[in-house]
Amino acid sequence: MKYPVIQNYFGGKFYPSTTDKFLDIISPLDGTLLSKVPLSTKNDLNQVVTIAQNAFLKWSKVTIKERVQVFFRYKTLLEKHMLDLAKLIQEENGKTLDEARAEIEKSIELTEFACSLPQLIEGEILEVSKGVECRADYYPVGVVASIVPFNFPSMVPNWTIPNAITLGNTMILKPSESVPLSALKIAELLKEAGLPDGVFNIINGDREIVEAICDHPGIEAVSFVGSSKVAKIVYSRASASFKRVLALGGAKNHLIVLPDAHPSMTASNVAASMSGCAGQRCMAASVMVAVGDINLIIEQICVEARKIIPGQNLGSVISKTAKERIEKYITEAEKQGATILVDGRNTIVPGKEKGFYVGPTVIDHVTPTMSVATDEVFGPVLSIIRVKDIDEALSIENANPYGNAAAVFTQSGGMARYVIDRANAGMIGVNIGVPVPREPFSFGGWNDSKFGVGDLTGESSIRFWTKLKKTTTKWNPEAKTNWMS
Ligand code: NAD
């Protein structure tokens with residue numbers, strides 16, 4: 001085993017869990033046993049919550065101008081440790097080093113946004129009638145929990161940590177049980193940046209600890225990022241114990257390609273979108289809806305896809321189970337009459353025979369009811385559905401229950417606007433295969449891709465991580481009293 005058994009982190013120190021249940025952490029790159037992760041108990045959680053509650057009493061009284069200083073230093077530390085962090089992400093998640101590095105760059109951008117929060121929450125004040133003022137101030141909500149998935153071990157935790165903590169909350173992070181190592185590094189860097197003990201804490205585990213978080217009366221707010229199935233469970237369970245909840249779910253993103261699309265730009269964008277992070281992105285292209293005759297573009301997509309080599313510029317998928325699930329979708333589509341143009345099944349990377357690799361896969365003549373077209377495959381697989389016109393393309397996109405992202409490839413501004421207005425998704429790309437809004441724009445989908453109001457990043461997050469206090473003041477004894485003041 002390469003690393004020691006994972007511990008929980010609270011009060012500024014690492015402690016072993018009281019559990020006797022552990023899961024192996026296997027590197028998907030080559031099957032190496034990296035460590036073991038504890039499935040923490042309710043007693044562990046009680047201890048962590050108490051520490052976070054005590055820390056909240058002090059941290060919430062520190063001014064935001066002071067709190068934010070920690071994140072200026074944290075940003076510098078992320079830059080300094082970029083390579084080490086990227087290597088660790090690569091090891092536990094299986095993505096390429098460049099992809100891991102990009103994830104840290106995004107974490108830095110998220111931290112920069114948090115550093116601007118003092119400018120964004122200055123509050124409001126207005127004389128509402130003669131001598132009477134109303135003012136609004138933002139207060140932190142208390143102990144908050146952030147439950148995160150496996151596919152971005154640094155970026156997704158950093159969607160929540162800098163904003164929630166700068167705004168005065170104390171946090172308990174529940175990392176994915178598949179990739180808990182990067183979170184430990186985050187804890188170390190936050191401590192080095194000067195974050196007081198108890199403000200940031202980590203509890204490891206799986207379903208049981210997530211349920212305990214949802215039920216715990218000492219936790220005021222829960223953010224969740226993961227599959228839609230679990231997002232629904234977390235949303236309803238944490239709401240049932242009267243917490244505020246924002247739960248981001250899975251995705252099935254449709255890219256609509258029109259006959260006037262720029263061929264080479266479209267081909268490279270679509271291929272990169274479906275294969276980046278081995279297709280394990282909630283913003284990945286999953287279905288390409290081909291409008292009219294775009295055979296030339298499809299041929300170019302296949303050329304681009306063949307340039308993507310597993311173990312070189314394509315990472316592994318997270319587990320053996322994931323590899324088998326993805327390959328099953330491809331085989332089912334083939335049996336149902338689809339044409340496999342590029343086949344990534346049975347991929348073995350020399351020297352990494354125990355790794356979990358699926359090569360880029362392009363499937364043509366998929367129909368909207370095939371499972372590869374309806375389910376979240378979460379692998380480097382592009383399904384092409386052929387349609388005759390834009391309205392048929394939109395009706396397919398609109399019918400899918402998710403709504404994270406959609407994109408259109410065209411050189412016509414009018415057609416782009418037509419799709420922007422009609423696509424049923426929260427994030428739209430025009431000639432962009434991965435339309436992630438960069439800070440300060442917020443990230444969040446619609447429909448089954450998000451449960452709750454507002455977004456988790458950007459200015460929208462301010463409302464989620466704070467409570468608004470409205471104060472009405474009158475000092476002037478001569479001010480007239482009316483029925484409102
Ligand atoms: P997952 O839903 O399996 O796990 C997410 C978290 O929930 C983990 O911390 C896990 O321990 C916990 N969990 C798992 N099963 C649970 C259960 N039954 N009850 C309570 N908690 C449970 O997701 P994953 O496989 O880690 O990540 C991939 C998924 O995340 C994909 O669906 C992807 O689209 C989604 N995702 C969405 C976004 C977004 O912004 N919408 C971003 C990243 C990932």
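Values computed for the structure shown
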{"quantity": "Residue (of Ile297, Pro380, Phe356) at the positive-pole extreme of segment 255-380, dipole from beta-carbon charges", "calculated": "Phe356"}
{"quantity": "Whole-percent carbon and sulfur share, accessible surface of the chain, 1.4 Å", "calculated": "55"}
{"quantity": "Helical segments meeting 15 Å axial Cα length and Kyte-Doolittle 0.0 threshold in the chain (DSSP H)", "calculated": "155-166, 181-192, 228-240, 263-275, 295-306"}
{"quantity": "Accessible-area order (highest first, 1.4 angstrom probe) of the listed residues Tyr74, Tyr235", "calculated": "Tyr235, Tyr74"}
{"quantity": "Rounded if a/c under 1.5, otherwise prolate or oblate - segment 30-121, Cα gyration tensor axes", "calculated": "oblate"}
{"quantity": "Nearest-20 debye value, the chain charge dipole, Cβ charges on Lys, Arg, Asp, Glu", "calculated": "1200"}
{"quantity": "Per-peptide average of other Cβ atoms within 10 Å, ordering 348-355, 289-296 highest first", "calculated": "289-296, 348-355"}
{"quantity": "Normalised contact order of the chain, rounded percent, pairs of Cα under 8 Å and 6 or more residues apart", "calculated": "18"}
{"quantity": "Accessible area (Å², per residue) of the chain, counting only protein heavy atoms and a probe of 1.4 Å", "calculated": "42"}
{"quantity": "Helix-only [θ]222 nm of the chain, DSSP H runs n ≥ 4, -39500 (n - 2.57) each, per residue, nearest 500", "calculated": "-12000 deg cm²/dmol"}
{"quantity": "Dipole magnitude of segment 253-430 about its Cα centre (Cβ charges: Lys, Arg +1; Asp, Glu -1), debye to nearest 20", "calculated": "620"}
{"quantity": "Under 11 Å, Cβ to Cβ, from Ala278 - net charge with Lys/Arg +1 and Asp/Glu -1", "calculated": "+2"}
{"quantity": "Segment 253-430 shape via C-alpha gyration tensor axes, a/c threshold 1.5", "calculated": "prolate"}
{"quantity": "Segment 253-430 - share of DSSP beta bridges that are antiparallel (%, nearest 5)", "calculated": "10"}
{"quantity": "Gyration tensor verdict on segment 9-54 (Cα atoms; rounded if a/c is under 1.5, prolate if a/b is larger than b/c, oblate otherwise)", "calculated": "prolate"}
{"quantity": "Cβ-derived FRET efficiency at R0 30 Å, Ser236 paired with Ser129, nearest 0.05", "calculated": "0.10"}
{"quantity": "Evaluated at q = 0.06 Å⁻¹: base-10 log I(q)/I(0), Debye formula over Cα of the chain", "calculated": "-0.29"}
{"quantity": "Cβ-based charge dipole, the chain, positive-most Cα from Phe224, Trp159, Phe14", "calculated": "Phe14"}
{"quantity": "Residue pairs, from the table Lys2/Lys87; Lys191/Lys467; Lys36/Lys87; Lys106/Lys320; Lys174/Lys450, whose Cα atoms sit over 21 Å apart", "calculated": "Lys191/Lys467; Lys106/Lys320"}
{"quantity": "Under-5 Å amide H pairs with Val430, H placed in peptide plane, nonlocal only", "calculated": "Val408"}
{"quantity": "Mean separation of Cα contacts under 8 Å (6+ apart) over length of segment 253-430, as relative contact order %", "calculated": "29"}
{"quantity": "Cβ-based charge dipole, the chain, positive-most Cα from Ile104, Phe409, Ser264", "calculated": "Ile104"}
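The values are calculated or read from the model by the stated rules, or taken from the named source; none is laboratory data. Please read these numbers as outputs of a predicted model, since none were measured by experiment. Neighbour counts are summed over all protein chains in view; Cβ atoms, including those assigned to glycine, are modelled from backbone coordinates with ideal geometry. All accessible areas refer to the heavy atoms of the entire protein, side chains included, with ligands and DNA or RNA removed. Shrake-Rupley method; radii C 1.70, N 1.55, O 1.52, S 1.80 Å.
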